[in-house]
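S.K.: This is the structure, below, for whatever I ask next.
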Amino acid sequence: MIVDFSQGKVIATPHEIVVRLTQGQVTLQAQVDALQLILPACVLSANGAECKWSVKLDTAEQIEAISSECGIEILRL
């Protein structure tokens, strides 16, 4: 599944997420076990053994679509 957002696109599978940012042609990748989806901030966050990164998405619907595709529970603060 591909979710487009203002800074690029998120490619989500049941096992991993790939974020491709248009500016700088940056690619971020993480296994779903290392991911958090945070609302209402609309943040996709990866916190693994050797990496940390986060990306702010545009809408709650994008977070919910990724949650549905990957089976990740949404953290609501």
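Every number in this text was worked out from the coordinates using simple rules, so none of it is lab data. Given the structure is predicted, the values throughout are model-derived calculations rather than measurements. Glycine also receives a Cβ, built like all others from the backbone with ideal geometry; neighbour counts cover every protein chain displayed.
S.K.: Normalised by the residues of the chain, what does the relative contact order come to in percent, with Cα pairs under 8 Å and at least six apart? Walk me through the intermediate numbers first.
M.R.: On the way: 146 pairs, mean separation 20.9, N = 77.
It rounds to 27 percent for the chain.
S.K.: Scan (i) 16, 15, 12; (ii) 26, 15, 10; (iii) 37, 18, 8 for the value of semi-axes √(5λ) of the Cα gyration tensor in Å calculated from this model and give just the label.
M.R.: Matching entry in (i) 16, 15, 12; (ii) 26, 15, 10; (iii) 37, 18, 8: (i).
S.K.: List residues of segment 16-47, by number, whose backbone nitrogen lies under 15 Å from a label position 7 Å along Cα→C-beta of residue 74.
M.R.: 36-45
S.K.: Hey, rough spin-label estimate for residue 31 and residue 61, points 7 angstrom out along Cα→Cβ, what's it come to in nanometres?
M.R.: 3.3 nm
S.K.: Among DSSP beta bridges lying fully in the chain, give the percent that are antiparallel, nearest 5.
M.R.: On the way: 24 of 27 bridges.
If I count the DSSP bridges inside the chain, around 90 percent turn out antiparallel.
S.K.: I would also like to ask the following. What number comes out for the charge environment of residue 64, summing +1 per Lys or Arg and -1 per Asp or Glu over other residues with Cβ under 12 Å away?
M.R.: -2
S.K.: Still on this model: How far, in nm, would the chain grow between residue 2 and residue 51 when pulled straight, counting 0.36 nm per residue and subtracting the alpha carbon separation?
M.R.: 15.3 nm
S.K.: Convert each backbone phi in segment 29-40 into a coupling constant with the Karplus relation 6.51 cos²θ - 1.76 cosθ + 1.60 (shift: θ = phi - 60°), then list the ³J(HN,Hα) values in order as whole Hz, x for Gly and Pro.
M.R.: Whole-Hz 3J(HN,Hα) from phi for segment 29-40: 9, 7, 6, 4, 5, 9, 9, 10, 10, 10, 10, x.
S.K.: Hey, another quick one. Might you report the magnitude of the Cβ-based charge dipole of the chain about its Cα centre, with Lys and Arg at +1 and Asp and Glu at -1, to the nearest 20 debye?
M.R.: That gives a dipole near 240 debye.
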